[in-house]
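Visitor: Here it is: the structure, laid out below.
The values are calculated or read from the model by the stated rules, or taken from the named source; none is laboratory data. Keep in mind that what you see is a predicted model, and the values were worked out from it rather than measured. Glycine also receives a Cβ, built like all others from the backbone with ideal geometry; neighbour counts cover every protein chain displayed. All accessible areas refer to the heavy atoms of the entire protein, side chains included, with ligands and DNA or RNA removed. Shrake-Rupley method; radii C 1.70, N 1.55, O 1.52, S 1.80 Å.
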Amino acid sequence: LTELILILVRDEFKADHAELFLFDDGQIPIFYRDLRYGLRTREEAQNVLSSKDAIASQAFRTQEPILLRGIDEEPSRSEHLCSLNLYSAMATPLKHHGRLLGILTVGHESPGQFGENHLRMLRSVGEQAALAVRNAQLHADLQSYAQNLESMVETRTQELRAAQVQLVQTEKLAALGRLAAGIAHEVNNP
């Protein structure tokens, strides 16, 4: 799903780069992927998000869409954008019912490639991506719950089978005891 989101964004905006961060309930990065380097480590995600001037960290802090056109009146490029050789970039938070699920960024190697219309469109894509990510999370939770439920049913079934075997054994021993008592009674009373 995450790779599909990144490819869609890159193709739609004719961008040179796209990256996606996902967070847990405590807004700790649990996933970071970009189209150039693939899946990245949590430490790399934390480094980008803790940077003061990275566009993803700005969107993370403000939880609002950010547009950097890469033109002269804006501040100089961030270290993160320089490392990716990008001049213009956009970022949008992925929110679901007010909860921040992630950050989606897209960048271009030329300045002035993105405008307000692009940002509005990225925001719309971000809303749909947030919904898809949340549905995927809920589906995974449901599968995990179903698997745990199956495991619990299997455990209980094994316990019931063991109890049944023990009950049958106890009944056999009780029947053998009654038979032995009957034979002893007959032997004692000829």
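Visitor: How large is ³J(HN,Hα), in whole Hz, for each residue of segment 93-106 in order, when computed from phi with the Karplus curve 6.51 cos²θ - 1.76 cosθ + 1.60 and θ = phi - 60°, using x for Gly and Pro?
Guide: Values per residue, Gly and Pro as x: x, 9, 10, 9, 6, x, 9, 6, 9, x, 10, 10, 10, 9 Hz.
Visitor: So, one more: Under 15 Å from the Cβ of Tyr32, count the other residues' Cβ atoms, weight Lys and Arg +1, Asp and Glu -1, and hand me the total.
Guide: Numbers: positive: Arg33, Arg36, Arg40, Arg42; negative: Glu3, Glu19, Asp24, Asp34, Glu43, Glu44.
Once all neighbours under 15 Å are counted, the net charge is -2.
Visitor: Note the full-extension length gain between Leu8 and Ile183 as 0.36 nm times their separation in residues minus their Cα-Cα distance, in nm to one decimal.
Guide: 54.4 nm
Visitor: Between Tyr145 and Gln27, 0.36 nm times their residue separation minus their Cα-Cα distance comes to what?
Guide: Result: 40.1 nm gained on full extension.
Visitor: So what's the net charge close to Leu4: Lys and Arg +1, Asp and Glu -1, counting the other residues with Cβ under 15 Å from its Cβ?
Guide: Combined, the nearby Lys, Arg, Asp and Glu give -3.
Visitor: Would you please give the residues with an amide H less than 5 Å from that of Phe31, counting only those at least 5 places away or on a separate chain, with H modeled from the backbone geometry?
Guide: Leu22
Visitor: Something else about it: Could you report the chain's accessible area per residue, 1.4 Å probe, as an integer in Å²?
Guide: Using a 1.4 Å probe on heavy atoms only, each residue of the chain averages 63 Å².
Visitor: Could you compute the longest span of the chain free of trypsin sites (Lys or Arg not before Pro) located in DSSP loops and having at most 12 other Cβ atoms within 10 Å, not counting the site residues?
Guide: The reported range is 53-190.
Visitor: Roughly to the nearest percent, how much of the accessible area of segment 141-180 is carbon and sulfur, given a 1.4 Å probe?
Guide: Carbon and sulfur atoms account for 60 percent of the accessible area of segment 141-180.
Visitor: Report the one residue of Ala136, His80, Leu122 whose Cα lies farthest in the direction of the positive end of the charge dipole of segment 55-190 (charges on C-beta: Lys and Arg +1, Asp and Glu -1; origin at the Cα centre).
Guide: The one lying farthest along the dipole's positive direction is Ala136.
Visitor: Roughly how far apart, in whole Å, are the Cα centres of segment 26-65 and segment 120-190?
Guide: 43
Visitor: Which label belongs to the value computed from this structure, given these candidates for P(r) over Cα pairs in 10 Å bins from 0, in percent: (i) 9, 39, 39, 12, 1; (ii) 8, 29, 32, 20, 8, 2, 0; (iii) 9, 29, 22, 8, 6, 6, 6, 5, 5, 3, 1, 0?
Guide: (iii)
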